[in-house]
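Read through the structure below, which is laid out as structure tokens, and then see the notes.
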């Protein structure tokens, strides 16, 4: 079942998860007129005790992380999933949305989140910021206006990676922020 949102065709999608991720993005775009996405991956160093533990350790650490991240200036939302790989064991793929009215540069925010991750994991954690490359079909680093359908579709394509079935082994372990309803302030949007 395809939910008509773009996706990376080389991966078999979990359509339930794909739909959840896209509906979450819809809520973010309805609430914030300008949005910037950051793709981050979180895992543990191979020589750490946490690396040997099951997914619940990672899940708990991610919840602690994003409880703090939500308090950061300009955070519009987030969505994360947990996967298991032979080399990286349990790890997370994440998208963090920023309020483009308040924040223009993603690098400082990604660095703060990465430092929080290392702090929460007592140095056991590592993170990777997924950056745009010339051969990529879409660029996550652009400020997306709620009317920029092409950029929004590009962002949907990028975040579809979180919904791939590979490395999930039938487990949908995910977390997301609650997105507040639009405030009703400001200029009404023309559709």
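Points to keep in mind about this one:
- Reciprocal of mean inverse Cα separation for region 1-107 (Kirkwood radius, Å): 15.5 Å
- Full extension of the segment from residue 46 to residue 88, taken as 0.36 nm per residue of separation minus the current Cα-Cα distance, would add 14.4 nm.
- Packing-based exposure ordering (other Cβ within 10 Å, fewest first) of 54, 61, 87: 87, 54, 61
- Gain upon complete extension [residue 141, residue 111; 0.36 nm per residue less C-alpha separation]: 9.3 nm
- Seen against the Cα atoms of the chain and their longest principal axis, helix 107-120 is set at about 30 degrees.
- The chain, relative contact order in percent, only Cα pairs under 8 angstrom and at least six apart counted: 36 percent
- Crossing angle, helix 149-159 versus the chain [Cα axis fit, 0-90 degrees, rounded to tens]: 10 degrees
- Rounded tilt (10° steps) of 55-69 against the dominant C-alpha axis of the chain: 40 degrees
- For region 73-159: span of alpha carbons on each principal axis (Å, largest first): 41, 30, 22
- Over the chain: helical MRE at 222 nm, DSSP H runs n ≥ 4 each giving -39500 (n - 2.57), nearest 500: -9500 deg cm²/dmol
- By the beta-carbon count within 10 Å of each Cβ, the least crowded to most crowded order of 94, 149, 106, 121, fewest first, is 149, 106, 121, 94.
- Listed by Cβ neighbour count within 10 Å, with the fewest neighbours leading, 152, 144 appear as 152, 144.
Each reported figure results from applying straightforward, stated rules to the coordinates on display, with no laboratory input. Quick caveat, the model's predicted, so the values are computed rather than measured. Backbone-built Cβ (ideal geometry, glycine too); neighbour counts: all protein chains shown.
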